[in-house]
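Before any comments, here is the structure.
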Amino acid sequence: MRMVLLGAPGVGKGTQATFLCKRHGWKHLATGDMLREGIAEGTLLGLKAKEAMSRGDLVEDDVILELIEKTLDGIKGAGYVLDGFPRTLAQARGLDEMLEKRAENLDRVVLLTADTEVVVERMVLRGRVDDTPETVRHRLEVYENSTRPLIGFYEPKGILRRVDGVGKIEEIHERIESALA
């Protein structure tokens with residue numbers, strides 16, 4: 001299974017990706033975690049991403065695409081869940097091109113949905129340094145402008161499924177499993 005988890009920051013993509021990967025043996029490809037790791041290690045990609053992330057902006061498409069391509073090269077043939085990527089139409093098109101070169105495609109795109117106030121509360125409570133209420137609201141605006149159009153990109157392909165991201169973690173997980181069937 002090659003899938004993408006879409007949804008606003010804080011909707012629970014990371015939590016659900018962890019569940020899915022543990023249950024199915026897939027790789028969890030969380031771009032936010034990979035970028036934070038790169039920043040901590042002082043890698044070139046991490047340094048390129050640091051400034052945008054500190055403002056709550058999206059990291060440039062070419063930086064993210066390079067990160068994903070290197071990651072996919074390292075896990076050839078494995079199932080995976082992309083968490084936090086793609087976030088723009090350019091990234092989605094870039095991913096399609098990458099997969100086409102590999103004679104692969106996405107099997108499913110799951111869109112987790114939740115009310116804005118639920119998302120803000122979740123993000124502030126998780127206590128990350130970059131999750132201040134102001135930064136969270138800005139990230140949600142960026143999501144609406146940049147990531148929301150991905151719904152229109154994936155829906156016509158017949159692989160997009162909407163899943164309610166509110167409730168107990170286990171209930172949401174079961175909804176996702178049903179959407180994958």
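The values are calculated or read from the model by the stated rules, or taken from the named source; none is laboratory data. From a predicted model like this one, the values you see are computed outputs, not experimental measurements. Positions of Cβ are backbone-derived with ideal geometry, glycine not excepted, and every protein chain shown enters the neighbour counts.
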(request) Return the total of residues in the stretch 62-105 being acidic (Asp, Glu), within 13 Å of Val4 (Cβ to Cβ) and in a helix (DSSP H, G or I). (result) 1
(message) Among the residues of the stretch 55-74, are any buried (at least 17 other Cβ atoms within 10 Å of the Cβ) and more than 23 Å from Met98 (Cα to Cα)?
(response) yes
(message) Step by step: first the residues of the stretch 1-41, then only those that are touching a residue at least 12 places away in the same chain (Cβ under 8 Å) and hydroxyl-bearing (Ser, Thr, Tyr), then the one that is surrounded by the fewest Cβ atoms within 10 Å (Cβ to Cβ). Which residue is that?
(response) Thr15
(message) Among the residues of the stretch 170-180, are any part of a loop (DSSP other than H, G, I, E, B), at negative phi and either crowded, with 18+ Cβ neighbours inside 10 Å or of a type in the set (A, V, I, L, M, F, W, C) (or both)?
(response) no
(message) Please determine whether any residue of the stretch 5-23 is over 10 Å from the mean Cα position of the chain (by Cα), of a type outside the set (Val, Ile, Thr), at pLDDT below 90 and under 23 Å from Glu144 (Cα atoms).
(response) yes
(request) Can you tell me which residue within the stretch 42-54, out of those that are free of Cβ contacts under 8 Å to residues at least 24 places away in the same chain and either of a type in the set (Gly, Ala, Ser) or touching a Lys or Arg at 6+ places or on another chain (Cβ under 9 Å) (or both), is surrounded by the fewest Cβ atoms within 10 Å (Cβ to Cβ)? (result) Gly42
(message) Restricting to the stretch 12-45, name every residue that is out of contact with any helix residue (DSSP H, G or I) (no Cβ under 9 Å at 6 or more places or on another chain) and either part of a strand (DSSP E or B) or small (Gly, Ala, Ser) (or both).
(response) Ala17, Gly25, Gly42
(request) Could you please find all residues in the stretch 149-166 being under 19 Å from Gly10 (Cβ atoms) and surrounded by 13 or more Cβ atoms within 10 Å (Cβ to Cβ)? (result) Leu150, Ile151, Arg162, Val163, Gly165, Val166
